[in-house]
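J.: Got a structure here, written out as structure tokens. Questions coming.
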Amino acid sequence: MQWPWRRRKVVVVVVLRKLLTCAICVIALMGLLSVRVHVFPSSKVSDLTDPYKLPTVTQQHELNYQKLSAEKKWTQELTPPHLSKEQAPPHLSKAPLSSHKLNGANGSLDFEKLWKQPSNRDFVPCVQPGSNYTAPDESRGYLLVHTNGGLNQMRAGICDMVAVARIINATLVVPELDKRSFWQDTSNFSDVFDEDHFINALANDVNVIKKLPKDLSSATKVVMHFRSWSGLEYYRDEIASLWEEFQVIRAAKSDSRLANNHLPPDIQKLRCRACYEALRFSPKIEAMGKLLVDRMRAYGPFIALHLRYEKDMLAFSGCTHGLSDVEAEELRTIRENTAYWKIKDINATEQRSRGYCPLTPTEVGIFLTGLGYPSNTPIYIAAGEIYGGDTHMADLRSRYPILMSKEKLASVEELEPFTNHASQMAALDYIVSVESDVFIPSYSGNMARAVEGHRRFLGHRKTISPDRKALVRLFDKIEKGLLMEGRKVSNRISEIHKKLQGSPRRRRGPVSGTKGMDRFRSEEAFYVNPLPACLCKRVSGNVNASTASMR
């Protein structure tokens, strides 16, 4: 009498097992799909027409480098070739970020808001000369230039000397790079820049030659320290008058020798053509720079952080917050023994309170968290050797473990051609910084200013400039336990920097009340912000300079 009931029970059990098996399969399939499919906004910065794309890498450049170094091949692996899967840190094997919503200090933040570029308000490059601009006049003599400083200080100086050569009707000899600065770099112009391109690109502006003619090598030269921040009249009247006695003028320095403002529009545009068109990095540097950019993009949108926490910067500025007594004394000794650093006695506390110190790695971590960037944000460290190494980087790395650099992205063999050449290594950081989705400098030095200006020229790419003076007040309260990190701090940091993200604005003039040299020194540098002069409002769908004008 019980068999039919048992049969029905067996059937029910079989059906339930099948349903449970199907459910498990469906759940597993959905889980697999959720892991494999990643959807996020494109991180690629919009391309601009040549010659403003940086880096400008062609197949020919890669072939040229292979001829120079046949045994070294640059490939497109997303994981650096010198790190095997077993050796690679965990973040090197992970796929790009997989969510539109990322958890930051404010809770769930919209992915696009973090990476959204500021509106360029239809400003486009307009560097073509006016209708009355002519080919260079007959040369009256030769201008020799000895540049000074690091890479970006030399870049600005070279571009200014192009303009000076035009003003005084000189033939410009390819500038000599500084080999005696703090970095002791032996690189020549052609090691860092594309020399032939530089000469050809300026053919309609200035006569440029590679070397002084042999018959003039023994000619009497006048060595001049051109007056800082000088205008058209100084060069046209005082300097050009030297041609009556000399065939060769040598500029002993090139930095800050030309005024930021109040120069003829064609001279200002020439400075921009020199900087953003003519002064291209050498093919091997551009090729390596593009490779680093490609490898960073494998992680998704990324921040380039110019972490100016290097020994020379700290010694020069006298900033010692967070350092040990031994480290502070080492920096003081370096400053004391560097003859051309004029200021020796510096109050570190006062420097920091006035916003004159670079942010420490710990402070940068608090700043990025306050802006809302989550811990899985890829960050490229554009810098030389960080002072104190891992000791001072530990806190930043604990917050943001995906900290990359050229040394981590490329193998020793790939970087070997650039090693021990500070200018060439800095050029690689420059390329990645210009091409990054967000650029953040911890200090407003030459590199930070040059990159900011280039990013403005290329469409006002997002550049967040920390208000160090305001931030120090917050950091001190946090350090003393008077304020806790969280929503309140995050809201304050975001509010302070809402209008400091690289949107278009006119170049700032001198600080009110300043006089003499201090007045010129207080002006915003020309290469930090090429608006006005080199950026114009688009008046039609055509971005050609002939259809653009200032409004």
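J.: What is the one condition in (1) part of a helix (DSSP H, G or I); (2) open to solvent by 20 Å² or more (accessible area, probe 1.4 Å); (3) of a type outside the set (Asp, Glu); (4) in contact (Cβ under 8 Å) with a residue 60 or more places away in the chain that Asn376 does not satisfy?
T.: Status for Asn376: all satisfied but (1).
J.: Check Leu83, Leu109 and return the single one that is of a type outside the set (Gly, Ala, Ser), open to solvent by 30 Å² or more (accessible area, probe 1.4 Å) and modelled with pLDDT under 90.
T.: Leu83
J.: Inspect segment 500-510 for any residue being more than 22 Å from the chain's Cα centre (by Cα), surrounded by fewer than 16 Cβ atoms within 10 Å (Cβ to Cβ) and at pLDDT below 95 and give the result as yes or no.
T.: There is at least one residue in segment 500-510 that is more than 22 Å from the chain's Cα centre (by Cα), surrounded by fewer than 16 Cβ atoms within 10 Å (Cβ to Cβ) and at pLDDT below 95.
J.: Here is a follow-up. Collect the residues in segment 390-449 that are in a helix (DSSP H, G or I) and of a type in the set (Asp, Glu), keeping them in residue-number order.
T.: Result: Asp390, Asp395, Glu407, Glu413, Glu414, Asp429, Glu435.
J.: Shifting gears a bit: Without any contact (Cβ under 8 Å) to a residue 40 or more places away in the chain and either outside the structural domain of Glu414 (by the TED database) or open to solvent by 40 Å² or more (accessible area, probe 1.4 Å) (or both): is that true of Gly231 in this structure?
T.: yes
J.: Restricting to segment 457-506, what's the tally of residues that are touching a residue at least 40 places away in the same chain (Cβ under 8 Å) and of a type in the set (D, E, K, R)?
T.: 8
J.: If you check every pair at least six apart or on different chains, which have Cβ atoms under 6 Å apart with a residue in segment 381-404 that is more than 23 Å from Leu292 (Cα to Cα) first and a residue that is among the β-branched types (Val, Ile, Thr) second?
T.: Asp395/Thr362
J.: Related question: Kindly provide the set of residues from segment 349-361 that are in a helix (DSSP H, G or I) and either crowded, with 19+ Cβ neighbours inside 10 Å or in contact with a strand residue (DSSP E or B) (Cβ under 8 Å, 6 or more places away or on another chain) (or both), ordered by number.
T.: Within segment 349-361, Arg352, Pro361 qualify.
J.: What is the number of the single condition among (1) closer than 30 Å to Glu310 by Cα; (2) within 25 Å of the chain's Cα centre (by Cα) that Ser228 does not meet?
T.: If we test Ser228 against (1) closer than 30 Å to Glu310 by Cα; (2) within 25 Å of the chain's Cα centre (by Cα), just (2) comes out false.
J.: Turning to a different aspect of this structure: Starting from segment 259-276, keep only residues that are under 11 Å from Gly231 (Cα atoms), then list their pairs with residues that are aromatic (Phe, Trp, Tyr) whose Cβ atoms are within a distance under 8 Å, requiring at least 6 positions of separation or different chains.
T.: Matching pairs, first to second residue: Ala259/Trp229; Ala259/Phe520; Asn260/Trp229; Asn260/Phe520; Asn260/Phe526; Asn261/Phe526.
J.: Do we find that Glu310 is in the same structural domain as Asn446 (by the TED database) and touching an Asp or Glu at 6+ places or on another chain (Cβ under 8 Å) in this structure?
T.: yes
J.: Moving to a separate point now. Quick check on Val173: is it assigned by the TED database to the domain that holds Glu195, in contact with a Pro (Cβ under 6 Å, 6 or more places away or on another chain) and touching a residue at least 12 places away in the same chain (Cβ under 8 Å)?
T.: So Val173 does not fit the description; no.
The values are calculated or read from the model by the stated rules, or taken from the named source; none is laboratory data. Nothing here was measured: the structure is a model prediction, and the numbers come from that model. As a convention, Cβ positions derive from the backbone with ideal geometry for all residues, glycine included, and neighbour counts pool all protein chains shown. The accessibility values were calculated without ligands, DNA or RNA, using every heavy atom of the protein model including side chains. Shrake-Rupley method; radii C 1.70, N 1.55, O 1.52, S 1.80 Å.
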